[in-house]
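Some notes on the structure that comes next.
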Amino acid sequence: MVGGEHIHVHLGLFSAWTFGGAASLVYRTGWYGMLYFATWPVGFFLGFMLAGVRCRRSRVISPIEYVETRFNRTTHTALSILFAVSLLYWPIQHMASLGKMVGPILFPGSEAAIMLTILVIATLVLIYTFSGGLWAVAITDAVQSFLLLGVVVVLLGVIFVEIPDVLGRLPAFTFHAPESESSYDSWYLIVYIMQMIFNAAMGDRAQRYYSVRDERSVLKLGLLATGLFALGPLFFGLIPFIGSVVWPDPSLIPGFGGLKNPQEGVYIAMAARYLPPGILGMFVAAMLAATMSATDTCWNTASAVVSVDLYKRMFRPKASDREVMTVGRIAILGFFVVAVTGAMAIILKGIKLDIIGITIGLLTGVAVSIPLTLGLVIRKISRWAGIGAVVVGTLAAIVCSDLSIFGPLHVFGFMKYPFGYRVCFIIGVTLAVFLLSRPMGRLGRSRPATLATSALVSVALWFFFLFFNTNEALSWGIVFGHIEPPDGGSSTHYFAAMTLAAAAFGILIYRLFRIYSRDIGEPEPEVDRFFALLQTPIDVEKEVGDEQQTVTAYHFVGMIVLLLAAMTLALLLFPSGRANPVINLILSVILAGIGFGIMRGGRGLLRRMQS
């Protein structure tokens, strides 16, 4: 369903984390958090314009299926593993976010309720992901998004009625986050756009691009999703911002004050305060739906990588479709176990969702998404450039991130960069190794020149690490004995890790020089054919076929949305639902209008097919 996919690419980026971790960011930083939401449409638009049409023309069914043709088998295998691993974390975050918000509403102050919520919701996602795959996801996402946006619109309206002067009570506009949130600066906003470009261009989001009808549908999908993202500050940022005025102290947030990081419950607390019980239930259901969407998006994409890119290509080339599907479902079962276990660990340790999300995203995502994206765009690079960029970029992410959540391994994150510096460093190193692969290959023909250059890079990086880190326990003054280390022997450990990392970079660069040299002068007919394919528009009649399923989906989605409108009215039959009947009526009218509009669109498509 084209329309469903348009909504799906938008809702797939929202989950309970949007109402938890991101809402917490807005609560703590105010206008800065609103600007953070405003970066989403910019990054997404640039990303889909860069790679959306190319993804559809590549005629693939998993985000890295094209890698073997574009690069080589080794790169394909390595990226398949890394990409699947990189998708393991996000369902953990989605489940943890949902548990931290829904559990306290049902049973205030109970961590056991949070754990039970995580288990139940993950099981539901598992069941319906097994049942229908991406097609079922697309249809349910269309319904879920309309319910979610309808409830949020009503919630905003109620807040403005109840607190008519609320906008005047907000603090004065500023670009800067409070001093207590030093990690969030202007660099953060800039590099988040850069990160969003690569994430939107390639990754689990790309599955939408090659699941729609043709290039025109890709453009419609991207423009609609960009418009919906532009509403993010209003729909998802303003409510927690107002919550910071209603409850300036997070310990005052009802139902969450006694929990770790109570500000992560501000959005649901605002809904509980201003919505009647029945509509609050629909809001929780909508939030649940968004989380299920984001989770099954990751699980479907990762299972496709495991079953198609790893199992079928590497072990069982003649495997039947049924066998591949079985392997995919087994993989999803494994992802389920990881998600539940990881989410519960986050809850027990009290880790802030936005902080751990930043760390994991940089360690697993940026270095992988850059070669996956640019491999569709740039022709003249080595076929080994993808694996080189990923390995070196991942090492760069390790040395510049704050790894305190990983215990003793934290010494390898010796640079201690804030988020903005981290992303700039990771992207810069990854792009350099990727884009300079041809010149590196030519130099790699000479072993003496390769050895000398690699040694020079290693030494230069050692001095760069020493003089341009932000780690108080690692500076040239401490290393050379002019300043006493602040915390005993940790400086020695950081110094050892720094030296080891500089040596590792040098060895990797040497190996890449030699590996890149293999491609110089070699014919690449597969790559030529691949880029010719990217220039060939989709032949809808031959490659797509009948649209009857799309028409049926329009009718099905419209009927479900109308049913939701009727359910909203049915809440008036209960005493609690009649506490504020105007809210029920308004939401019902909104949903009914959407439902009739969708069904009318389906009838219009059917008439065009018959004419």
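The values are calculated or read from the model by the stated rules, or taken from the named source; none is laboratory data. Predicted, not measured: the structure shown is a model, and the values here were computed from it. Glycine also receives a Cβ, built like all others from the backbone with ideal geometry; neighbour counts cover every protein chain displayed.
Descriptive notes on the structure:
- Region 314-328 - residue that is in contact (Cβ under 8 Å) with a residue 12 or more places away in the chain and crowded, with 17+ Cβ neighbours inside 10 Å and, of those, nearest to P91 (Cα to Cα): G328
- For region 323-332, the count of residues that are under 22 Å from the mean Cα position of the chain (by Cα), modelled with pLDDT of 80 or more and hydrophobic (A, V, I, L, M, F, W, C) is at least one.
- Candidates in region 432-472 are the residues that are surrounded by 15 or more Cβ atoms within 10 Å (Cβ to Cβ), within 31 Å of the chain's Cα centre (by Cα) and not in a helix (DSSP H, G or I); of these, the one that is modelled with the lowest pLDDT is N471.
- The residue list A271, A286 contains one member that is among the hydrophobic types (A, V, I, L, M, F, W, C), assigned to a helix (DSSP H, G or I) and over 22 Å from the mean Cα position of the chain (by Cα), which is A271.
- Close Cβ contacts (under 9 Å, 6 or more residues apart or on different chains) running from residues in region 171-195 that are without any contact (Cβ under 8 Å) to a residue 12 or more places away in the chain and outside any loop (DSSP other than H, G, I, E, B) to residues that are surrounded by 13 or more Cβ atoms within 10 Å (Cβ to Cβ) and of a type in the set (F, W, Y) are absent.
- Candidate set from region 392-412 (those that are under 21 Å from the mean Cα position of the chain (by Cα) and over 13 Å from G428 (Cα atoms)); member that is modelled with the lowest pLDDT: I405
- The set of residues in region 86-95 that are surrounded by 22 or more Cβ atoms within 10 Å (Cβ to Cβ) and assigned to a helix (DSSP H, G or I) comprises S86, W90, P91, I92, Q93, H94, M95.
- Pick from region 59-85, criterion buried (at least 21 other Cβ atoms within 10 Å of the Cβ) and not in a helix (DSSP H, G or I), ranking: farthest from the chain's Cα centre (by Cα): F71
- For I381, the conditions (1) more than 25 Å from the chain's Cα centre (by Cα); (2) outside any loop (DSSP other than H, G, I, E, B); (3) of a type in the set (V, I, T) all hold with the exception of (2).
- Filtering region 148-173 to residues that are under 28 Å from A592 (Cβ atoms) and among the small types (G, A, S) leaves G150, G157.
- Against the numbered list (1) crowded, with 23+ Cβ neighbours inside 10 Å; (2) at pLDDT below 80, G281 comes up short only at (1).
- Screening the candidates A302, A319 for the property of being in contact with a Lys or Arg (Cβ under 7 Å, 6 or more places away or on another chain) and at pLDDT 75 or above yields one hit, A319.
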